[in-house]
Protein chains: 2
Amino acid sequence: MAEAERTRTRIVRAAVDEASRLGLEGLTVGSLARRLGMSKAGLVGPFGSREQLLEAALEHSGKIFWSAVIEPLADLPPGRSRLERLIAAWVDYLADCPFPGGCFVTAASSELDGRPGPLRDRLRSTVTSSRERLAAEVAAAQAELPGPHRPPEEVVTTLIGLSMAANQEIQLLEDPSAPTRAREAMRHAAGLDR
Amino acid sequence: MAEAERTRTRIVRAAVDEASRLGLEGLTVGSLARRLGMSKAGLVGPFGSREQLLEAALEHSGKIFWSAVIEPLADLPPGRSRLERLIAAWVDYLADCPFPGGCFVTAASSELDGRPGPLRDRLRSTVTSSRERLAAEVAAAQAELPGPHRPPEEVVTTLIGLSMAANQEIQLLEDPSAPTRAREAMRHAAGLDR
DNA sequence: GAAGATAGCGAACGGTCGTACGTTATCTGA
DNA sequence: TCAGATAACGTACGACCGTTCGCTATCTTC
């Protein structure tokens, strides 16, 4: 009975891969089934509908980001050095991206931001909780650093923006200097280079 | 004979509007024709194909951005106050966006970054020339400001990133404090608040 | 007022979309 | 050994996709 679960994750993984290239909208049941060598019915079956498959893919992509950027911090106490590592991991994630079409969360955000529905709601909560977590990391680091400081919320916006800009430079412009520039800009924005 | 031209721009305008909500991929000939009260053939005819219609829409959206953010600077000499005005206009553009689904260029960038083709090429050149223009503005402003300065390229990346993050906060998160935060972060990143 | 260009329509095409439904192998437990 | 559950299949469906092609109004211009 665990067979179904393995199939499910196999499908979700392929869906994330495909949707990262073509967008959530661009992912079709037929092409994904063909790619996995199964029937359309067998592909959608475990999820109920294409929409729910997309939800599962979105959730999985969030976990990929989380395990690449957030989880490696677990053995460090909050503070300056943990924010240092977070930024390093984040840039590495962008430079050597687990998604073939660039950061999935960023792409999904652009695609879904004007389309109300469960997908958008799910994404919004992912983004909101990431922002909160990031704000806490920034505040903890600032407490260890000499002031004055920018408001943590502003630093969060700047860091997220830099990740988006770096993603564009890497994916669209194919600029090899993007990761280094992003790292330095992030460290500066976080007050880590003083 | 100018009738055709007026129809063309009418179609392009509607296409930009629709694609800003649904994405370039999500724009279909049928729905756009229905919305404009014309036939599918009559809609695509002036462009040759849907793809070429999308190209025209992409070009038009670039012009909208340009006329909202860059053209108002024409009567100012390069330098600090011109960068001030650029940032103000940019945030206004994001906060009160001419596209119903948020900044079109940002959305198109996410959507096209992994899909080679003429659309991607066109977008890439739009982004590249905007970056160059922006770098020149930053350099001119820095020349009027007390040092030390971050590299102009890094400032450009930060400003573009902040526009993307603000766009997300406005469109996806619907955060009313986003424009103010973006304005302050941009002014800080550009060294204008010292 | 006839001839020709222009601009858009309407119908049809082959193809693909997502979904529904009944069927069939394959495993599981009594 | 055999009944039942499981997991995926194949087929069919109606809807919509983008494109093609011939037609028809509506204007110009002689």
Overall Cα dimensions of the range B:2-189 - principal axes, largest extent first, Å: 60, 34, 31
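Arranged from highest to lowest average of other beta-carbon atoms within 10 Å per residue, in what order do the peptides A:176-185, A:159-168 appear? Intermediate results must be reported in sequence, preceding the final value.
Working: A:176-185: 18.4, A:159-168: 27.1.
Answer by packing, highest mean first, reads A:159-168, A:176-185.
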Let me confirm one metric for peptide A:172-178, namely the mean number of other chain beta-carbon atoms within 10 Å of its residues' beta-carbons. 4
For peptide A:67-75, what's the mean number of Cβ atoms from other chains within 10 Å of each residue's Cβ? 0
Given charges at beta-carbon only (K, R positive; D, E negative), |dipole| of chain B in Debye: 400 debye
Å² of accessible area per residue within chain A, as computed with a 1.4 Å probe and no ligands counted: 43 Å²
Tell me which of B:Leu172, B:Pro100, B:Ile160 sits at the most positive position along the dipole axis of the range B:2-189, charges placed on C-beta atoms (Lys, Arg +1; Asp, Glu -1). B:Pro100
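Taking every residue in A:179-186, how many Cβ atoms of other protein chains lie within 10 Å of its Cβ, on average? Intermediate results must be reported in sequence, preceding the final value.
Details: counts 0, 1, 6, 4, 0, 4, 10, 2.
Average per residue, whole number: 3.
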Ratio of the Cα radius of gyration of the range A:1-81 to 2.2 N^0.38 Å, where N counts its residues: 1.33
Treating the point 7 Å from Cα along Cα-beta-carbon as the label, what are the nm separations from B:Arg13 to the other copies, to one decimal? 5.1
With springs connecting C-alpha atoms under 10 Å apart, model chain B as a Gaussian network and identify which of B:Leu76, B:Leu43, B:Leu112 has the largest mean-square fluctuation. B:Leu76
Hypothetical label at B:Leu192: residues of the range B:93-116 whose amide nitrogen lies under 17 Å (7 Å Cα-Cβ projection): B:93-96
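Could you give the Stokes-Einstein D for the protein assembly as shown in µm² per second, using the C-alpha Kirkwood radius, 4 °C, 1.567 mPa s?
On the way: Rh = 22.0 Å.
Translational diffusion coefficient: 59 µm²/s.
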Quick one: length gained pulling B:Arg34 to B:Ala143 fully straight, 0.36 nm per residue minus the C-alpha distance? 33.9 nm
With the label set 7 Å along Cα→Cβ, A:Pro72 is separated from its counterparts in the other copies, in nm and shortest first, by 4.2
Alpha carbon centre of the range A:72-131 versus the range B:39-85: separation in Å? 31 Å
Taking the highest mean first, how do the peptides A:115-127, A:47-59 order by number of other beta carbon atoms within 10 angstrom per residue? A:47-59, A:115-127
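On the accessible surface of the range B:47-176, probed at 1.4 Å, how many percent belong to carbon and sulfur atoms?
Details: 2790 of 5060 Å².
That share works out to 55 percent.
The values are calculated or read from the model by the stated rules, or taken from the named source; none is laboratory data. The structure displayed is predicted, hence computed values, not measured ones. Backbone-built Cβ (ideal geometry, glycine too); neighbour counts: all protein chains shown. Ligands, DNA and RNA are stripped out before the accessible areas are found, and what is left, the full protein with its side chains, is counted by its heavy atoms. Shrake-Rupley method; radii C 1.70, N 1.55, O 1.52, S 1.80 Å.
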